[in-house]
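First the structure, in the form of structure tokens, and then the observations on it.
The values are calculated or read from the model by the stated rules, or taken from the named source; none is laboratory data. None of the values given here were measured: they were computed from a predicted structure. Note: ideal-geometry Cβ built from the backbone for every residue, glycine included; neighbour counts use all protein chains shown. When the accessible area is computed, the model is the full protein with side chains, heavy atoms only, and any ligands, DNA or RNA have been set aside. Shrake-Rupley method; radii C 1.70, N 1.55, O 1.52, S 1.80 Å.
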Amino acid sequence: MRRLFDEELADLDTSFKEMGLLVSDTLQHAVQAFLDHDRSAAQGIIDADKAINQREIALEKKTFEMIALYQPVTTDLREIVTILKAVSVLERIGDNARNVAISTIHVKGNQRVAEIEKQIGETGTKVAGMVADVLTYYINDDAVSADKMAESAAQVSKDTQLIRDLAVESMKSDPELVNASTDYLVVGGYLKRTSDYVTDIAEWIIYKRTGKIVELNPGTSSFI
């Protein structure tokens with residue numbers, strides 16, 4: 001029985017990590033499609049969101065089945081609960097990637113602000129990297145590095161505040177840039193929320209490793 005449990009837990013781990021890498025790649029591609037105004041790529045990301053949702057459903061079903069069948073305790077239970085909680089967060093990150101793609105579809109006009117798009121590109125890369133990093137921390141059972149994820153989220157908060165300030169300033173300076181700047185605000189908001197979601201996953205990694213519930217993101221900052 002123990003051997004079967006360990007095998008199924010390993011499969012669950014692998015599926016979780018695969019979903020996380022898919023979400024990280026999708027977010028990066030969504031940001032790039034927005035910067036390139038690539039509606040075709042954006043539509044592909046929107047269409048692919050169903051695959052992420054299906055992975056979430058399959059993983060949740062598997063965790064419930066394992067809890068019911070094996071009735072795990074202590075560290076085994078914490079690992080399954082961590083995946084159960086974190087997979088729903090990954091799905092929300094996938095939703096944000098989809099929403100960035102939807103914003104790309106809705107972009108109107110040819111007005112672009114290079115400085116803001118550069119900041120969005122750099123921030124999007126940073127946030128996608130956070131998703132990949134938190135998966136590494138999960139794989140390595142690294143609660144210490146997970147705890148430091150709050151520092152990365154704080155930096156993203158500053159970056160997206162800069163996106164907001166630049167977008168507002170562009171609206172003031174040129175009414176023709178209002179539509180484009182509004183899109184920049186929306187995408188910046190998605191990136192900010194995604195970094196917050198990553199800290200949620202980090203909290204569950206700490207729980208998995210230590211059994212302690214921590215708050216890495218007190219919610220004291222907001223994008224708008």
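Worth pointing out:
- 5 Å binning of all Cα-Cα separations within the stretch 96-224, expressed as whole percents from 0 upward: 2, 11, 20, 19, 16, 12, 8, 6, 4, 2, 0
- Counted charge near Asp147, where neighbours are those whose Cβ lies closer than 14 Å (Asp, Glu -1; Lys, Arg +1): -3
- Structural descriptor for the stretch 1-124: relative contact order 43 percent, calculated from alpha carbon pairs under 8 angstrom and at least 6 residues apart.
- Put a dot 7 Å past the Cα of Phe64, heading toward its Cβ, do the same for Leu4, and the two dots end up 2.1 nm apart.
- Global form of the stretch 1-126, assessed from the alpha-carbon gyration tensor, a/c cut-off 1.5: prolate
- Counted charge near Tyr184, where neighbours are those whose Cβ lies closer than 9 Å (Asp, Glu -1; Lys, Arg +1): -1
- Charged side chains reduced to their Cβ positions (Lys and Arg at +1, Asp and Glu at -1) give the stretch 1-124 a dipole of some 300 debye around its Cα centre.
- Of the DSSP H helices in the chain, not one has a Cα length along its own long axis of 18 Å or more together with a mean Kyte-Doolittle hydropathy reaching 1.6.
- Average Cα contact separation per residue, the chain, under 8 Å, 6 or more apart, as relative contact order %: 26 percent
- Viscosity 1.306 mPa s, temperature 10 °C, Stokes-Einstein D of the stretch 67-109 from Kirkwood C-alpha radius, µm²/s: 124 µm²/s
- Using the average count of surrounding beta-carbon atoms within 10 Å as a protection proxy, the listed peptides 184-192, 168-176 rank, highest first, as 184-192, 168-176.
- The portion of the accessible surface of the chain made up by carbon and sulfur, rounded to a whole percent, is 51 (1.4 Å probe; DNA, RNA and ligands excluded).
- Shown here is the pair-distance distribution of the chain: with all Cα-Cα distances grouped in 10 Å bins from zero up to the longest one, the shares run 8, 32, 31, 18, 8, 2, 0 percent.
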